[in-house]
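Okay, so here's the structure we're looking at.
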Amino acid sequence: MRDATEARLLTPVADEDGAPFWEYAARGELRVQACAPCGRLRFPPRPCCPHCRSFDSEWRRMSGRGRIWSYVIPHPPLLPAYAARAPYDVILVELAEDPAIRLAGNLVAAPDAPIGSVDPSRIRIGAPVKAVFAGHADGVTVPRWLLERP
């Protein structure tokens, strides 16, 4: 059961292009849009390939592995709903399949752990991480990240 604070956290809003990303996340799969003709991955999802201009796309399953590209520890939290979670991290992960694709999320100590469950002093640029999926307010499932070497 989620506490009252969880209900006030920011919830992702799916648009038409990004809806499949969230549908796959709900199944515990990290998938990224790819151009069907040229094969290039793209994120965020969009209707047209920026490389070959094709409108044909598919969703490819990723390994769920990557590296921390950057991170921030908000001091103080910018939104009141996050104050009880502080200190917490927001990390940017470059995917193993394509380091140009970067996903934002939180580093957690376990798949069901809340944000802020990893001591910020343990976060390092370049640290290997893997995706896990957690239920969020409003029934949305979001990718979060675990350190590969805790």
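The values are calculated or read from the model by the stated rules, or taken from the named source; none is laboratory data. These numbers come from a predicted model, not from an experiment. Counting neighbours? That spans all protein chains shown, and the Cβs are built from the backbone with ideal geometry, glycine included. Just the protein is used for accessible areas: all its heavy atoms, side chains included, with ligands, DNA and RNA removed. Shrake-Rupley method; radii C 1.70, N 1.55, O 1.52, S 1.80 Å.
Of note:
- Residues of the range 45-67 that turn out to be open to solvent by 80 Å² or more (accessible area, probe 1.4 Å) and either under 17 Å from ILE125 (Cα atoms) or small (Gly, Ala, Ser) (or both), as a count: 2
- One residue stands out in the range 79-99 among those that are in a loop (DSSP other than H, G, I, E, B) and small (Gly, Ala, Ser): the one that is nearest to the chain's Cα centre (by Cα), namely ALA96.
- Only a single criterion out of (1) within 26 Å of GLU16 (Cβ to Cβ); (2) surrounded by fewer than 16 Cβ atoms within 10 Å (Cβ to Cβ); (3) at pLDDT 95 or above is not satisfied by GLU97, namely (2).
- Among the residues making up the range 17-61, those that are in contact (Cβ under 8 Å) with a residue 40 or more places away in the chain and hydrophobic (A, V, I, L, M, F, W, C) are TRP22, ALA25, ALA26, LEU30, VAL32, LEU41, PHE43.
- Cβ-Cβ distances below 7 Å connect the following pairs, each with a first residue in the range 68-87 that is surrounded by 13 or more Cβ atoms within 10 Å (Cβ to Cβ), a second residue that is of a type in the set (Lys, Arg), and a separation of six or more residues or different chains: ILE68/ARG124; TRP69/ARG102; ALA81/ARG8.
- In the range 125-140, residue modelled with the lowest pLDDT [restricted to those that are surrounded by fewer than 18 Cβ atoms within 10 Å (Cβ to Cβ) and not in a loop (DSSP other than H, G, I, E, B)]: ALA137
- Restricting the range 40-67 to residues that are over 22 Å from LEU92 (Cβ atoms) and not in a loop (DSSP other than H, G, I, E, B), the residue that is nearest to the chain's Cα centre (by Cα): GLU58
- If the condition is being open to solvent by 70 Å² or more (accessible area, probe 1.4 Å) and over 12 Å from the mean Cα position of the chain (by Cα), then the range 100-120 contributes ALA100, ASP112, ASP119.
- Given (1) touching a Phe, Trp or Tyr at 6+ places or on another chain (Cβ under 7 Å); (2) more than 21 Å from GLU16 (Cβ to Cβ), number of the condition ALA83 does not satisfy: (1)
- Qualifying residue in the range 59-77 (condition: of a type in the set (Lys, Arg), at pLDDT below 95 and under 17 Å from ARG144 (Cα atoms)): no
- Test: residue in the range 22-39 that is within 27 Å of ILE123 (Cα to Cα), of a type in the set (A, V, I, L, M) and in a loop (DSSP other than H, G, I, E, B): yes
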